[in-house]
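Here is the structure we will look at.
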Amino acid sequence: MSDAFTTRVLHIASGAEETVVDLTRDCEAFLREAAAGRDGLLNVFVPHATAGIAIIETGAGSDDDLLAALHTLLPADDRWQHRHGSPGHGRDHVLPAFVPPHATLPVVDGTLRLGTWQSVCLVDTNRDNAHRQVRLSFLGGVGEA
């Protein structure tokens, strides 16, 4: 495989509660090695049917606001056709329609180019699966920066 494409899988312990996990530092650490000063794209993908990737502000309450909004839009009750797992688990399978399982982000000079308050986050409402994988893939120009 050329150095134009590099990938790594993160193993995230998301716990038994609904959560938003900030992955920004993991993405930056991956890019220091994989991008090596080059321009390109970072793709962040969660290969799970009940989790998503969001670009949001964290630490000022927005992560909790996101979970509250999802709880309002997708209540954990018995309305869902998909019924295995804990009560209301069917809503977790609808989550990726609202919070997609991927994001593609610009990388310039080997640095992730997010807005001032943006963070790359795993959104996990599934209390039945406490362990997640997140695939980071860098696609960039070949050669030196």
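Out of segment 19-114, which GluC sites (Glu not before Pro) are coil in DSSP terms and have no more than 14 other C-beta atoms within 10 Å? All intermediate terms of the calculation are to be shown ahead of the outcome.
Numbers: sites: 28, 33, 57; in loops: 57.
Filter output for segment 19-114: empty list.
Please give the helix 24-34 orientation as an angle from the longest Cα principal axis of the chain, in degrees from 0 to 90, rounded to the nearest 10.
In the chain, helix 24-34 runs at an angle near 30 degrees to the longest axis.
Using only Cα atoms, tell me the angle between helix 62-73 and the longest principal axis of the chain; keep it within 0 to 90° and round to the nearest 10.
The two axes meet at around 40 degrees.
Leaving out ligands, DNA and RNA, what percent of the accessible area of the chain is carbon and sulfur, probe 1.4 Å?
Within the chain, the accessible surface is 53 percent carbon and sulfur.
How would you classify the chain from its alpha-carbon gyration tensor, with a ≥ b ≥ c the square roots of the eigenvalues: rounded for a/c under 1.5, else prolate if a/b is greater than b/c, otherwise oblate?
Prolate shape, in that a/c is at least 1.5 and a/b is the bigger ratio.
Determine the per residue accessible area of segment 1-80 with all protein chains present and a 1.4 angstrom probe, expressed in square angstrom.
53 Å²
Subtract the Cα-Cα distance of residue 83 and residue 111 from 0.36 nm times their separation in residues, and report this length gain in nm to one decimal. Before the final figure, lay out the partial values.
Numbers: separation 28, 0.36 × 28 = 10.08 nm, distance 4.27 nm.
Using 0.36 nm per residue and subtracting the Cα-Cα distance, I get 5.8 nm.
Of 117, 100, 88, which is farthest on the positive side of the dipole of segment 39-145, counting Cα position, with +1 on Lys and Arg Cβ, -1 on Asp and Glu Cβ, and the Cα centre as origin?
88
Along the charge dipole of the chain, pointing to its positive end and built from +1/-1 on Cβ of Lys, Arg, Asp and Glu, which listed residue (23, 67, 133) has its Cα farthest out?
My answer, from the dipole projection, is 133.
Report, in debye and to the nearest 20, how large the dipole of segment 13-145 comes out about its Cα centre when Lys and Arg carry +1 and Asp and Glu carry -1 on their Cβ.
Computed charge dipole of segment 13-145: roughly 360 debye.
Considering the zone a paramagnetic label at residue 22 would reach in this model (a point 7 Å from Cα along the Cα-to-Cβ line), which residues of segment 86-130 have amide N under 11 Å from it?
Residues 117-121 qualify, since their backbone N sits under 11 Å from the label point.
Counting only the heavy atoms of the protein chains, how much of residue 116 is accessible to a 1.4 Å probe, in Å² to the nearest 10?
Ignoring ligands and nucleic acids, residue 116 comes out at about 120 Å².
The values are calculated or read from the model by the stated rules, or taken from the named source; none is laboratory data. Quick caveat, the model's predicted, so the values are computed rather than measured. Ideal geometry is used to build each Cβ from the backbone, glycine not excepted, and the neighbour counts take in all protein chains shown. Side chains included, ligands, DNA and RNA excluded: accessible areas come from the protein's heavy atoms. Shrake-Rupley method; radii C 1.70, N 1.55, O 1.52, S 1.80 Å.
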